[in-house]
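Every number in this text was worked out from the coordinates using simple rules, so none of it is lab data. These numbers were taken from a predicted model, which means no experiment stands behind them. For neighbour counting, all protein chains shown are included, and Cβ atoms are generated from backbone atoms with ideal geometry for every residue, glycine included.
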């Protein structure tokens, strides 16, 4: 996200969550069900689709390295941030870095200051040490969007250094080439640049997962203009979406006068009509009028605002056999707490249903997930990490819905008398949001008990 305004049932067979333990870096969601007695596989999929399963539920550690030194003097990150993020359920951190702000002169090859590598290494090592993936994002390189020709050499020179520095990093470290390209950095103009930049990175990182965004600030509509190298199989396409944007950015002074109207709720319509702030454009006045009067199913401040776009992205991914990832969505903390929870719930539910990975903006700044080590508001945790609901569609069969990319261990015990001895019988890393397990020994076991352990 730039420093300016971004563009861009109850079922009788369902068990309640019985145990929730946060043990170090393992989040275990345990559900137990008595039963009368299809393993999902990611084999055969592209490297990008396999890698995408490790970048399904992320958070941006922002307002730190994506601006000039000293921009956010009160924002720092420590090991505890990574511990908490992992314990909450996130599987990766997206780290925005303004490499260009700490790069030297063109005559010297744009050398990156060693101090910046030290800071980034600290973040990378903490993510890896606490079981999180790390997505390195080149953020706020607006000069490239202003003058593409004059700044392309720096793009290549800096990525050559970053790629070489992290050439031996594990696969859970990924590169994102540019954040929200716009202006002269159109999708069409970037297509050949991306292809050449990927070829350069492959010299030092032949198997590294690479994320890239289309133009118009990572706009979903721009996917139609994106052309990826046909020989490249480990690229994930990232897009951003803050819709409904007048809700998500309400009251953000840095976003401009059109965002001055506050007290916008999600979903609309409000119980009392809202008056637009003075000085907003006619487009915003029209939006507020529709927000006040349209029913929830088509209200501009509801899931209606982004459902079509997310389906467009998922359809593009399926048609092109390329994974898509939503690298930024979020709502400012000036919005009322319940509306924020409802907004994050709605976006997460749809993206999980579509099997699309995401990263919220952000961890502890103006769009924060946590405050003082706890989700803020408290409902944020269940909005993004809802309890598993176990169901029994047939004897010996258990199903549940969870995020693609999550690993679930199925354990079985015979009889319910203490001490219960659990035995692991299967492990599934979900390639889709749906787990289905059919016990091949159902008829031979008689009465058996099952539970799921949710691991990262």
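Taking every DSSP beta bridge with both residues inside the chain, roughly what % is antiparallel (nearest 5)? Write down the numbers at each step before the final one.
On the way: 34 of 63 bridges.
The antiparallel proportion sits near 55 percent.
Which values, in whole Å and largest first, are the semi-axes of the equivalent ellipsoid of the range 345-456 obtained as the square root of 5 times each eigenvalue of the Cα gyration tensor? Intermediate values should be presented prior to the final figure.
Details: eigenvalues 224, 55, 23 Å².
In descending order the semi-axes read 33, 17, 11 Å.
Of all DSSP-defined beta bridges confined to the range 35-187, some 5% are antiparallel rather than parallel.
The simple Förster model, with R0 at 30 Å and r as the Cβ-Cβ distance, assigns residue 254 and residue 391 a FRET efficiency of 0.05.
By the count of neighbouring beta-carbon atoms within 10 Å, fewest first, 362, 439 end up ordered 439, 362.
Evaluated at q = 0.06, 0.11, 0.13 Å⁻¹, a Debye calculation over the C-alpha positions of the chain (equal weights, vacuum) places log10 I(q)/I(0) at -0.28, -0.91, -1.22.
Would you kindly calculate the translational diffusion coefficient of the range 247-378, applying Stokes-Einstein with the Kirkwood radius from alpha carbon pairs, for 4 °C and a viscosity of 1.567 mPa s, and quote it in µm² s⁻¹ without decimals? Calculated translational D: 82 µm²/s.
When every alpha-carbon pair in the range 387-441 is counted, what percent end up more than 15 Å apart?
Values: 788 of 1485 pairs.
Looking at the range 387-441, the distances longer than 15 Å represent 53 percent of pairs.
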